[in-house]
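Below is one structure, written out as structure tokens, with a few remarks after it.
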Amino acid sequence: MLRSVMFCGRAEAKAEIPRQDWAVISIGEWGSDPAELQEGWHSILRLEFHDIDAELEPYDLFSEVQARRIIQFVKEIEPEVSGILVHCRAGISRSAAVAKWIAETYGLRFPESYSLYNKHVYKMLSLQSSCE
């Protein structure tokens, strides 16, 4: 049963000791190599999108399809894991938005005053989850 969610940067995630009862949502950017996470996590979802909050060529905005992938992933693993680690390059915006959505959806703690999360990512997750 899901009890915790945390967000961090790519370097921290790579150094994190895997836990068999934790899953990872690994957020990268198009054209970059995926984070080299250590083996032993329960499961890993890898996505690629840029840290923007409006259509801006040539960048890839977080999409409804990606939001649904995260929602489905979390729903499937939630009964089997005690935590989810979400990471992006810096661990400030994209990963924080996903972690905030998970925390609010599952009644978990999230830093109340934290405001640097990507508002578009959070909004898309909220909209798509309300459609489910």
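Structure notes:
- Some residue of region 52-66 being farther than 21 Å from S129 by Cα and among the small types (G, A, S): no
- Criterion: under 22 Å from K14 (Cβ atoms), outside any helix (DSSP H, G or I), open to solvent by 10 Å² or more (accessible area, probe 1.4 Å) and touching a Phe, Trp or Tyr at 6+ places or on another chain (Cβ under 8 Å) - qualifying residue of H50, H87: H50
- Checked against the criterion of being in contact with a helix residue (DSSP H, G or I) (Cβ under 9 Å, 6 or more places away or on another chain), at negative phi and surrounded by fewer than 15 Cβ atoms within 10 Å (Cβ to Cβ), the candidates E36, E57 yield just one match: E36.
- Any hit, region 66-77, residues being over 16 Å from I102 (Cα atoms) and outside any strand (DSSP E or B): no
- Output for region 60-79, where each listed residue is farther than 11 Å from I25 by Cα and touching a strand residue (DSSP E or B) at 6+ places or on another chain (Cβ under 8 Å): D60, Q66, I77
- Test: residue in region 30-41 that is part of a loop (DSSP other than H, G, I, E, B), of a type in the set (D, E, K, R), touching a His at 6+ places or on another chain (Cβ under 7 Å) and over 18 Å from R3 (Cα atoms): no
- Hits in region 90-129 - residues which are of a type in the set (A, V, I, L, M, F, W, C) and either without any contact (Cβ under 8 Å) to a residue 12 or more places away in the chain or open to solvent by less than 20 Å² (accessible area, probe 1.4 Å) (or both): A96, A97, V98, A99, W101, I102, A103, V121, L125
The values are calculated or read from the model by the stated rules, or taken from the named source; none is laboratory data. Everything numeric in this text was worked out from a predicted model, so none of it was measured. When we count neighbours, we look across all protein chains shown, and the Cβ atoms used for this are built from the backbone with ideal geometry, even at glycine. SASA here: full protein model, heavy atoms, side chains in, ligands and nucleic acids out. Shrake-Rupley method; radii C 1.70, N 1.55, O 1.52, S 1.80 Å.
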